[in-house]
Structures are given as C-alpha cells and as structure tokens.
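Student: If you scroll down you'll find the structure; I have some questions about it.
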Amino acid sequence: VTATNKVNKVELRRAGFRTDEPVWWTPERGTAYRPFTTEDRTTLLNAYTAHGRENALDL
C-alpha cells in the first residue's frame with residue numbers, strides 16, 4: 001500500500017504473475033477465477049514467446 005493506504009497498483013503490475021505470492025486469474029472471459037498454476041505460467045510465457053512479445057514482460 002502507499003503512504004495513504006491505497007493499493008499500489010504500479011507495483012502489482014510490475015510483479016504481474018511472476019511472484020511467489022498466490023495469483024488468481026480467469027484464463028477465459030466468463031469463467032470463474034482460479035489459482036494460477038505452474039502449468040498456467042508456462043503456457044502463458046510460451047504464448048508471449050510465440051507472439052514475439054517476451055520483451056513486454058520486462059517493462
């Protein structure tokens with residue numbers, strides 16, 4: 001949180017899904033949130049690479 005007790009969204013965006021903390025996500029619109037697994041992480045990273053977007057992860 002910030003000094004005024006607001007959620008620090010910038011830091012959350014920087015960490016994204018590359019964190020040791022639990023991450024919940026919805027892989028498709030209209031589906032319920034569920035835990036982000038190691039398999040999900042690998043699939044998502046491979047999708048970034050397949051589309052030539054791995055540099056976007058470093059922002």
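The values are calculated or read from the model by the stated rules, or taken from the named source; none is laboratory data. As the structure is a prediction and not an experimental result, all values here were calculated from the model. Counting neighbours? That spans all protein chains shown, and the Cβs are built from the backbone with ideal geometry, glycine included. Accessible surface areas use protein heavy atoms only, side chains included; no ligands, DNA or RNA. Shrake-Rupley method; radii C 1.70, N 1.55, O 1.52, S 1.80 Å.
Student: Mind listing which GluC sites (Glu not before Pro) in the range 1-45 are in a DSSP loop and have 16 or fewer other Cβ atoms within 10 Å? Walk me through the intermediate numbers first.
Tutor: Numbers: sites: GLU11, GLU28, GLU39; in loops: GLU28.
Listed in order of number, the matching sites are GLU28.
Student: Among the trypsin sites (Lys or Arg not before Pro) in the chain, which ones are in a DSSP loop with at most 11 other Cβ atoms within 10 Å of the Cβ? Mind listing them?
Tutor: Taking the chain and a limit of 11 other Cβ atoms within 10 Å, the loop trypsin sites (Lys or Arg not before Pro) found are LYS6, ARG18, ARG29, ARG53.
Student: Would you mind checking the tilt of helix 38-50 against the longest principal axis of the Cα atoms of the chain, expressed as 0 to 90 degrees and rounded to 10?
Tutor: 70
Student: Looking at the chain from every direction and averaging, what is the projected area of its Cα convex hull in nm²?
Tutor: Approximately 5.3 nm², given one-decimal rounding.
Student: Return one whole number: the accessible area per residue of the chain in Å², for a 1.4 Å probe. Each step should come with its number before you reach the end.
Tutor: Numbers: 5340 Å² over 59 residues.
Averaged over the residues of the chain, the accessible area is 90 Å².
Student: If amide hydrogens are placed 1.01 Å from N in the peptide plane, which non-local residues have theirs closer than 5 Å to the one on TRP25?
Tutor: For TRP25, the qualifying residues are ARG34, PHE36.
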